[in-house]
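The next block holds one structure in the form of structure tokens; read it before the comments.
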Amino acid sequence: MVIHEIAHRFFADLLNIPVYRVNYFTLNNGNDGGGIELSPTDSVKAALLVALGPLIINTLLCAIISFPPASLLEGDENFLWRLLYWLGISIGMYAIPSNSDLDYLLNVVKQQAANDRIIKDSTINNPVSGSIRLLVFFIKIINLLRFLWVDLLYAVLISQVIPYCVKQLIVFG
């Protein structure tokens, strides 16, 4: 969870979006988690990067940290490799943006659509707005399925598939 909030903070700082408050971790009424309070932004691209920051950062960290134990020394398992693999999986499980992260993004998209200002940038136009809404819908479905441990499945796939692909590129590269 801490890395998830750091990822939001990283992209907010990178894009000069003021951060009012960050809670990296809390245990509150059985609901563990953190949160970040940001200034509203007019940029759909900035909101997209901030909202999807954990998907980018946590996925990369999951793949990098899990890489040595998953691919380099197969069969030579020791405590350090297991610890790295567990850490990579744990970080990867928090890659999926939360519903509040997605609501922040949707509010910016809706505000821009209401103001009819989405076409100001050559890379942001109405089809992109529709694509963002579809992406948000898909991620919200994934969040609904967390009770089935889809976040664990995602982390295990990332920790296995990326090292396998890199290993294949090195061997056949």
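What follows draws every value from the coordinates through simple rules; no lab data is involved. Bear in mind the structure is a predicted one, so any value in this text is a computation, not a measurement. Backbone-built Cβ (ideal geometry, glycine too); neighbour counts: all protein chains shown.
Could you work out the local net charge near residue 40, counting Lys and Arg as +1, Asp and Glu as -1, over the other residues with Cβ closer than 13 Å to its Cβ? Don't jump to the answer; show the numbers that get you there.
Details: positive: 110; negative: 37, 42, 103.
Cβ neighbours under 13 Å give a net charge of -2.
Multiply the residue gap between residue 149 and residue 167 by 0.36 nm, knock off their C-alpha separation, and tell me the result in nm, one decimal place. Numbers along the way, then the final one.
Details: separation 18, 0.36 × 18 = 6.48 nm, distance 2.73 nm.
Using 0.36 nm per residue and subtracting the Cα-Cα distance, I get 3.7 nm.
Starting with the highest mean, order 137-147, 2-12 by the number of other Cβ atoms within 10 Å, averaged over the residues of each peptide. Present the calculation step by step, with values, prior to reporting the outcome.
Numbers: 137-147: 12.6, 2-12: 20.6.
Ranked by mean Cβ neighbours within 10 Å, highest first: 2-12, 137-147.
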